[in-house]
Each structure stands twice: as C-alpha cells, then as structure tokens.
Amino acid sequence: MSSESPATGTKPSAIVWLRNDLRLHDHEPLQAALANHSHVLLLYCVDPRQFSTLGIGAPKTGPFRARFLIESLEALRSAARALGGELAVRVGEPETVVPGIAREINATHVFFHHEPAPEERRIEDALRVQLQDAGVKTRFFFGHTMVHHDDLPYPVAALPDTFSKYRNAVERRVSVREPLPAPATMRSPQITAGDIPTLEALGLTEPADDARTLLRFRGGESEGLERLRAWMWDADQLKTYKTTRNGLLATNDSSKFSPWLALGCLSPRTVYAEVQRYERTRVRNEDTGWLVFELHWRDYFRWVAAKWGARLYSAGGLQGLRYPWRDLRDHDARMDFNRWVEGTTGFPLVDAAMRELAATGYTSNRARQNVASFLTRVLGIDWRAGAQWFESMLVDYDVGSNWGNWAYVAGVGNDARGFRFFNVHKQAGNYDADGAFARHWLPELARIPGGRIYRPDQLSTDEQKRYGVVLGDNYPEPMVNMFAAADASAVRYDRAVAATPQS
C-alpha cells in the first residue's frame with residue numbers, strides 16, 4: 001500500500017464506522033485501522049430508519065435511549081479530539097453516507113464491528129456492495145460479546161438450543177480474551193465534523209427527569225467505566241451480586257451496566273477482566289461468578305439472533321408455535337395493551353414496573369420478567385407487541401437480549417419448558433416483601449402498610465377509606481382474574497404445542 005495517492009498527493013485514510021460500539025477501549029476495528037493507516041476517522045451515521053415508527057405506533061428509538069445516544073456521541077467526540085482525532089456525525093443511511101465520506105477523505109478501507117440481527121446485516125451487506133463498487137475495502141470484527149466469535153467451540157449455526165449446554169461447553173473450552181487498551185493518540189483527516197442531532201431534530205422531546213429516579217443513566221464511555229468502578233470497587237457490590245441482583249428498587253442491587261454495554265460504551269471483556277481482578281484481590285465466590293454467568297446469557301442471545309435471523313421475530317418464535325395470540329388490531333386487545341403500558345392493570349407489581357419504565361427508561365430484570373409474563377401468559381397478547389414497547393422505551397435496549405428474553409418468557413424461544421407464568425403476588429412477596437418498590441412508584445397506594453400494598457383488592461371498605469384508596473377510582477380494580485386467565489392460556493398453549501409440527 002502506498003503512503004499517498006498519486007492523484008491528490010494526500011495520504012490514504014481509513015474510516016471506522018461506528019454503531020453500537022461508542023468507545024475507544026477494546027475496539028479492534030479502531031486498533032486495526034490505526035495500525036495500518038496514518039489518518040483514521042471515526043464516523044457515526046444517525047440512520048433515520050432507527051427513528052421511524054414501530055408497528056405498535058411507538059417510536060423505534062424513544063427519548064431515553066436517544067438522549068443516551070446523544071450523550072455518548074458527545075463524550076466520544078471529546079475523547080477522540082483529546083487524542084488528536086475526530087468523530088464525524090452525519091444524518092443519513094450508512095450505505096449512502098459512508099461511501100461519500102470515503103471519497104471525500106480518500107479512504108482506502110472501512111473498518112467496523114459486525115452486527116448479527118437481520119436489519120443490521122442488511123445494512124452491512126448494502127454498504128459492502130457500495131464500497132466495493134467505489135474500490136474501498138472493508139474489514140469487520142466481532143466485538144460485542146465477552147466470548148469472541150472465533151473462539152466458540154462450534155459454528156454459530158450449531159449453537160445449542162439450551163443455554164446450559166452452551167455455557168457448559170464455553171466454560172470448559174474457551175478462555176476470554178484480554179481487552180485491548182484505548183489508543184494513546186490518533187490523527188484524523190481534515191473534514192467537517194457535523195452536528196450531533198438534538199432530540200428535537202430527531203422528532204423527540206426531552207424526557208423529564210422524574211424526581212423518583214434513583215439512577216440517571218448518562219451516556220458515554222467514561223460514564224460506563226465510572227459505573228463499573230463505583231459499583232464493583234467503591235461500593236464493593238460484586239461479592240453479594242447473586243444475592244441482591246433480583247432487587248427491584250435499590251441503585252446497587254444489580255450492576256446496571258446494561259445501558260453502556262448495549263451501546264458499546266463499555267466492553268463486556270473489560271467487565272470480565274475487572275471481575276477476574278476483583279476475584280484475585282478481594283474475594284471469589286458464587287456471587288462474583290454470577291456476573292460472568294449473566295454475561296454468558298447476553299452472549300448467548302446475540303448468537304441466537306445470529307443463528308436464527310428473522311425467525312426470532314415471528315409470532316411462533318424459534319418454536320414455530322401456533323399460539324392464538326391476541327392481536328392489537330383487535331379493539332379489546334389494544335385497550336388491554338394500553339392498560340399494561342400505562343401501569344393501570346390493578347396489579348401493583350406490574351403497574352409499578354411499567355410506570356418506572358415510562359418515567360426512567362429502565363426497570364429491573366426481575367420486573368421485566370413479571371410484566372412480560374403478565375402480558376403474554378395472563379393477557380395472552382402477542383409477545384412481539386411487548387418486545388416492541390421495550391425496544392422503544394428501554395435505555396438499555398439490545399436487540400438480542402430484548403427479543404431473546406421476550407421469546408423465552410412467551411414460551412416460543414430457547415429453553416421452552418412448557419407453560420410457565422409468574423404469579424405476581426408471590427413474586428412481590430419474594431422480592432419486595434415490605435412493599436417499598438410499589439410505594440415508590442404508586443403514590444396512591446403509599447399509605448397501605450407493608451406487603452399488603454400488593455393486594456389492594458383484599459382491603460375492606462373501611463381499610464380503603466383509612467388508607468386513602470378507592471378501588472375503581474384512584475386505583476383500578478384488577479383488570480382480570482389472574483389465575484383463571486393463566487389457566488385458560490395454559491390450555492391454549494398445550495393445544496398449540498400439540499398442533500405445531502415437531503422439527
């Protein structure tokens with residue numbers, strides 16, 4: 001490769017096309033570009049398709065995730081400039097924008113991280129064609145998982161259908177690679193950096209910071225690394241992670257790394273390396289290993305998305321289950337879905353979680369499992385509607401984890417084990433016995449003492465008056481008989497299983 005172009009007399013450059021990898025540390029495309037090119041430009045395309053409207057009528061990228069993205073881009077631009085480089089931002093479809101920028105800066109190569117989901121893969125394929133026609137070479141890398149794609153003990157196409165088989169094989173046969181350091185310096189070609197769009201420019205409004213929010217997620221690599229340090233080392237929470245991770249309210253019950261992992265501000269290999277250092281210097285126990293267990297789950301769902309492609313997003317899921325889901329085109333189903341979204345189901349655990357999600361863009365893993373089970377197993381509504389609502393609302397939306405978990409709870413994904421549903425009354429007693437979570441998000445029920453807050457339907461008329469609760473007025477009656485509805489769903493599920501051809 002020559003050091004400069006005979007036609008222009010300028011040195012050839014490279015582009016690192018960014019998507020869900022907004023960091024400088026542990027970034028193989030960036031390292032490869034810097035190793036072979038004197039000038040490297042970081043490029044992010046704000047793709048209008050990511051800000052379109054989903055089938056349920058909600059924005060594909062809602063305000064919490066969009067704000068987190070904007071903050072992450074601002075942080076990355078500042079970090080790149082501190083090293084002597086630049087992050088260019090353009091609004092447009094990558095397959096159109098990237099080739100144009102390549103021509104503008106005389107780029108010979110475009111480096112990027114591969115994404116396995118169908119939408120992202122189609123964009124990659126279209127971009128490769130455009131760049132090939134322009135004489136620009138592409139190289140892609142795998143960098144979104146703890147276990148590297150090339151180290152898997154089998155091809156992704158042979159991925160086991162159960163997580164336990166996957167994890168056992170990986171833990172026996174694979175070593176996690178060391179994370180790559182961030183570069184010490186970089187140089188970028190001269191180019192107009194471009195404005196980072198505002199929320200208003202993206203058709204969104206600034207989300208209000210609810211006073212009840214206990215942890216405001218701020219985007220950016222430094223914020224992700226700071227959360228890692230503060231939670232694991234300063235608060236010393238890793239040693240009790242398995243014990244506390246199902247908590248519903250406290251800021252440090254779980255690591256809450258997920259927003260930074262989802263947008264790639266934080267590398268999973270960096271988290272793994274810090275766990276190993278913690279175990280060497282402080283303590284190693286079942287709790288510390290459980291965080292690695294959760295990272296394996298995250299990896300697994302990404303490989304599931306890679307293996308199954310569009311099938312993951314079908315009504316029958318990976319099981320091809322012919323279940324008669326209630327469709328939102330039906331008026332009653334839409335009304336029931338809206339009550340679930342608004343947190344007015346009359347089931348306080350569900351309502352508190354959904355109101356937290358609406359107010360903050362986040363709710364805990366335990367809460368997510370309960371509300372997903374309620375929508376699919378109790379209300380019988382198409383699981384994909386719930387997955388789309390989460391896609392819109394979650395600050396930590398990750399395509400593999402979101403759709404994989406929803407399919408799992410709905411009984412159409414991996415590890416299908418017959419009909420199971422979450423008894424939200426029992427779950428509330430197990431994970432919020434004193435009612436603190438419900439009291440925090442449902443002020444109309446706040447005067448009900450202890451765990452009784454989760455059964456306002458059992459209050460007498462005098463008790464309702466004493467606690468300031470009027471069922472059907474300031475708090476709804478339960479919208480459904482949960483056990484009867486779940487039993488009916490179980491019958492339909494068994495019939496669907498019997499009617500579904502076995503592969």
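The values are calculated or read from the model by the stated rules, or taken from the named source; none is laboratory data. Fair warning: this is a prediction, and the values are worked out from it, not measured in the lab. Glycine also receives a Cβ, built like all others from the backbone with ideal geometry; neighbour counts cover every protein chain displayed.
Residues are listed down the side, and each one gets a yes or a no for (1) in contact (Cβ under 8 Å) with a residue 60 or more places away in the chain; (2) under 30 Å from Ile101 (Cα atoms):
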| site | (1), (2) |
| --- | --- |
| Asp125 | no, yes |
| Arg128 | no, yes |
| Leu131 | no, yes |
| Phe140 | yes, yes |
| Asp150 | no, no |
Output for the range 280-311, where each listed residue is of a type outside the set (D, E, K, R) and either in a loop (DSSP other than H, G, I, E, B) or without any contact (Cβ under 8 Å) to a residue 60 or more places away in the chain (or both): Thr281, Val283, Asn285, Thr288, Gly289, Trp290, Leu291, Trp308
Some residue of the range 453-468 being at negative phi, in contact with a Ser or Thr (Cβ under 7 Å, 6 or more places away or on another chain) and touching a residue at least 40 places away in the same chain (Cβ under 8 Å): no
Residue that is touching an Asp or Glu at 6+ places or on another chain (Cβ under 6 Å) and surrounded by fewer than 23 Cβ atoms within 10 Å (Cβ to Cβ), where the choices are Gly346, Gly320, Gly316: Gly346
Any hit, the range 110-122, residues being farther than 20 Å from His144 by Cβ, free of Cβ contacts under 8 Å to residues at least 24 places away in the same chain and either touching a Pro at 6+ places or on another chain (Cβ under 6 Å) or outside the structural domain of Phe337 (by TED's automatic domain parsing) (or both): no
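Here's the yes/no breakdown for (1) among the hydrophobic types (A, V, I, L, M, F, W, C); (2) crowded, with 21+ Cβ neighbours inside 10 Å; (3) within 23 Å of Arg65 (Cβ to Cβ); (4) touching a strand residue (DSSP E or B) at 6+ places or on another chain (Cβ under 7 Å):
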| site | (1), (2), (3), (4) |
| --- | --- |
| Leu215 | yes, no, yes, no |
| Ser222 | no, no, yes, no |
| Leu225 | yes, no, yes, no |
| Thr243 | no, no, no, no |
| Leu263 | yes, yes, yes, no |
| Ala273 | yes, no, no, no |
| Gln276 | no, no, no, no |
| Phe293 | yes, no, no, no |
Any hit, the range 436-452, residues being under 24 Å from Val304 (Cα atoms) and in a helix (DSSP H, G or I): no
Residues within the range 51-87 that are without any contact (Cβ under 8 Å) to a residue 40 or more places away in the chain and either within 19 Å of Gly194 (Cα to Cα) or of a type in the set (Lys, Arg) (or both), tallied: 3
